[in-house]
Amino acid sequence: MSGLSAALVQALHAVVGDAGLIRDAERMQTYLSDWRNAYRGCAALVLRPASTEEVAAVVRLCAEAGVALVPQGGNTGLCGGSIPDDSGEQVVLSLTRMTAIREVDTGNETITVEAGVILQRLQEAAAEVGRLFPLSLGAEGSCTVGGNLATNAGGTAVLRYGNMRELTLGLEVVLPDGRIWHGLRGLRKDNTGYDLKQLFIGAEGTLGIITAAVLKLYPAPRSCNTAWVALADVAAAISLIGRMRQLCGDRLTGFELMSRQSLDFVVRHVPGCNDPFAQVHPWYVLIELSDTQVDAGLDALLESGLGEAFEEGLVVDAVIASSEAQVAALWALREGISEAQNHEGPSLKHDISVPVSCIPAFIETTDQALLAYLPGVRIVAYGHVGDGNLHYNLSKPPGYADADFKDQQAALMQIIYDATARCAGSISAEHGLGQAKREAAEHYKDPLERELMRTIKQALDPQGLMNPGKVL
Ligand code: FAD
Ligand code: S2G
Ligand code: ZN
């Protein structure tokens, strides 16, 4: 363990015990690269504290020794935010042993959970008391609440419920000096100064370690239905979401866009996934309605809304799911894109957001610019279009070498991010910056905003030991 003194390792071991300290190179591997193997690092140690007090103690010891910490949850992040650098001097601090559900307060409609709770477990705990915790994303089987908070995760239900910022009432955080901020308040109103929790949400572990949170619970939907709709172009999708919002109000809980290229990859690589239509179409949307009433007439709502749109030529074809199995099959088409694209060589990911009304022009002009620059590049455009959030991921032209394609990454990224900037958009809608987009943020984000972020970072983490090299 270069960099860590034997005394420090001994002191850390005294805090977390055998179960909480990994120094065996083999066992450390899983913590040192991301799920796509896009980022790889090495670490002096991996620590897995079992309590907030243990987190505080190890943070204090590392702060005193000037040792940098890399917080890690489920390691499903897409920007390398949870992967240490290659110095071998950093310590990965995994929160995966902190899995307690501390309190469920149905009277206050809140649940208090520790950072290592897997999102799917949290969803189940809410359902067990007849409630909904609405955050939902493809990695929910392995991502953790701590990571969801640190990346201000979004996913497919933001349209109706918002992202983690909106779903959180209180936080418990171990600060870079080891002090514990006991901010686990379940108050919906607290106007006593700065909203400090919002500093740590989306900070990607650069301001402190989130150890627990008070999260909002929502009424569980008791009826839900899904439609798969074919469209001639993206402008039709934007018109359709406006109509469905008007018609369905809060019952519109999902509206996901997918290009033909996305669907081709899924049908090709994800077993059991088939195109719902005989005809090929350029664009599709998945629409989900849900309601707390059992007989909310969602089918009729979908039929009337889509029927009218069909009559006016906005919709080319549509299918309304008639069973749970069909709902699941339609969602599998959407959720399978990420995995499917991995089968086509390197996937250059861009998680951008622009005003919803700009999406059609953004796609049209950026597609053209990309194809002019690299003929044959395959554009996998999909995502949470109701939030203005596009996953605009590129796969190499057929027959192109992986390495040559990766050599084009910076130029391709610049085309996309310049187009995003022209729409006053963001280069990271929901995945964060991590190490992947740190430089791009320096270029595309307002300099004053970056300066204010540095001021806050300096105030909270003057030694710069919290997840260095990420975000800033
Ligand atoms: P990790 O990957 O372990 O860490 C992520 C970041 O948070 C790192 O910077 C890490 O240092 C920091 N961190 C982790 N835990 C803590 C903590 N307790 N305190 C402080 N910092 C911490 N994301 C979306 O937003 N929307 C999506 O729709 C979406 N879909 C996905 C689909 C797939 C198939 C995959 C693989 C990923 C997807 N993601 C999506 C990305 C990822 O799942 C989210 O960013 C998730 O919130 C990360 O959680 P995690 O526990 O895996 O965090
Ligand atoms: C999603 C997943 C990430 C990607 O599926 O909504 O956030 O671009 C994305 O593969
Ligand atoms: Zn997403």
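The values are calculated or read from the model by the stated rules, or taken from the named source; none is laboratory data. Everything numeric here is computed off the predicted structure, so don't read it as measured data. Backbone-built Cβ (ideal geometry, glycine too); neighbour counts: all protein chains shown. For accessibility, only protein heavy atoms count, side chains too; no ligands or nucleic acids. Shrake-Rupley method; radii C 1.70, N 1.55, O 1.52, S 1.80 Å.
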Would you check which residues across segment 251-273 are part of a loop (DSSP other than H, G, I, E, B), open to solvent by 50 Å² or more (accessible area, probe 1.4 Å) and touching a residue at least 40 places away in the same chain (Cβ under 8 Å) and list them?
-> Gly272
Hits in segment 64-98 - residues which are within 16 Å of ligand 3 (Cβ to nearest atom) and either assigned by TED's automatic domain parsing to the domain that holds Gly208 or open to solvent by 10 Å² or more (accessible area, probe 1.4 Å) (or both) | Gly74, Thr76, Gly77, Leu78, Gly81
Determine, yes or no, whether Arg378 is away from ligand 2 (no atom under 16 Å from the Cβ) and among the basic types (Lys, Arg).
-> no
Among what's in segment 312-337 and is in a helix (DSSP H, G or I) and within 16 Å of ligand 2 (Cβ to nearest atom), pick the residue that is nearest to Ala139 (Cα to Cα).
-> Glu335
Starting from segment 60-76, keep only residues that are touching a residue at least 60 places away in the same chain (Cβ under 8 Å) and more than 18 Å from Ala14 (Cβ to Cβ), then list their pairs with residues that are away from ligand 1 (no atom under 16 Å from the Cβ) and part of a loop (DSSP other than H, G, I, E, B) whose Cβ atoms are within a distance under 8 Å, requiring at least 6 positions of separation or different chains.
-> Gly66/Gln463; Ala68/Glu89
Are any of the residues in segment 78-97 over 30 Å from Lys437 (Cβ atoms) and free of Cβ contacts under 8 Å to residues at least 60 places away in the same chain?
-> no
Determine if segment 338-359 includes at least one residue that is open to solvent by 30 Å² or more (accessible area, probe 1.4 Å), part of a helix (DSSP H, G or I) and hydrophobic (A, V, I, L, M, F, W, C).
-> yes
Residue within segment 309-318 that is more than 16 Å from Ala230 (Cα to Cα), assigned by TED's automatic domain parsing to the domain that holds Ala230 and in contact with a strand residue (DSSP E or B) (Cβ under 7 Å, 6 or more places away or on another chain) present | no
Under 7 Å by Cβ, and 6 or more places apart or on different chains, what pairs join a residue from segment 187-213 that is over 13 Å from Val174 (Cα atoms) with one that is among the hydroxyl-bearing types (Ser, Thr, Tyr)?
-> Ile201/Thr168; Gly202/Thr151; Glu204/Thr151
Go through segment 413-438 and give me each residue that's open to solvent by 20 Å² or more (accessible area, probe 1.4 Å) and more than 16 Å from ligand 1 (Cβ to nearest atom).
-> Met413, Gln414, Ile415, Asp418, Ala421, Arg422, Cys423, Ala424, Gly425
Report yes if Glu288 is open to solvent by 60 Å² or more (accessible area, probe 1.4 Å) and outside the structural domain of Leu390 (by TED's automatic domain parsing), otherwise no.
-> no
Out of (1) within 16 Å of ligand 3 (Cβ to nearest atom); (2) surrounded by 17 or more Cβ atoms within 10 Å (Cβ to Cβ); (3) not hydrophobic (A, V, I, L, M, F, W, C), what's the single condition that is false for Thr110?
-> (1)
Tally time: how many residues in segment 114-132 are open to solvent by less than 20 Å² (accessible area, probe 1.4 Å) and either assigned to a loop (DSSP other than H, G, I, E, B) or within 23 Å of His431 (Cβ to Cβ) (or both)?
-> 5
In segment 411-447, what residues are within 16 Å of ligand 3 (Cβ to nearest atom) and in contact with a Cys (Cβ under 9 Å, 6 or more places away or on another chain)?
-> Gly425, Ser428, His431, Gly432, Leu433, Gly434, Ala436, Lys437
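Quick check on this structure: which one of Cys248, Cys224 is open to solvent by less than 10 Å² (accessible area, probe 1.4 Å) and more than 16 Å from ligand 2 (Cβ to nearest atom)?
Cys248
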Exactly one of (1) over 21 Å from Asn163 (Cβ atoms); (2) open to solvent by 60 Å² or more (accessible area, probe 1.4 Å); (3) within 16 Å of ligand 1 (Cβ to nearest atom) is unmet by Leu460. Its number?
-> (2)
Listed residues Ile379, Ile363; which is part of a strand (DSSP E or B) and under 22 Å from the mean Cα position of the chain (by Cα)?
-> Ile379
Scanning segment 133-160 for residues that are free of Cβ contacts under 8 Å to residues at least 60 places away in the same chain, open to solvent by 30 Å² or more (accessible area, probe 1.4 Å) and outside any strand (DSSP E or B), which turns out farthest from ligand 3 (Cβ to nearest atom)?
-> Gly141
Just checking, which of Ala403, Ala441, Ala459, Ala410 is outside the structural domain of Pro360 (by TED's automatic domain parsing) and in a helix (DSSP H, G or I)?
-> Ala459
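Kindly evaluate Ile111 against the criterion of being outside any loop (DSSP other than H, G, I, E, B), of a type in the set (Val, Ile, Thr) and either closer than 30 Å to Val356 by Cβ or modelled with pLDDT of 95 or more (or both).
Against the criterion (outside any loop (DSSP other than H, G, I, E, B), of a type in the set (Val, Ile, Thr) and either closer than 30 Å to Val356 by Cβ or modelled with pLDDT of 95 or more (or both)), Ile111 qualifies.
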So how many residues does segment 183-208 have that are among the aliphatic types (A, V, I, L, M), over 19 Å from Ile111 (Cβ atoms), in contact with a helix residue (DSSP H, G or I) (Cβ under 7 Å, 6 or more places away or on another chain) and in a loop (DSSP other than H, G, I, E, B)?
-> 2
On the given criteria, is Ala309 touching a residue at least 12 places away in the same chain (Cβ under 8 Å) and either open to solvent by 60 Å² or more (accessible area, probe 1.4 Å) or part of a helix (DSSP H, G or I) (or both)?
-> yes
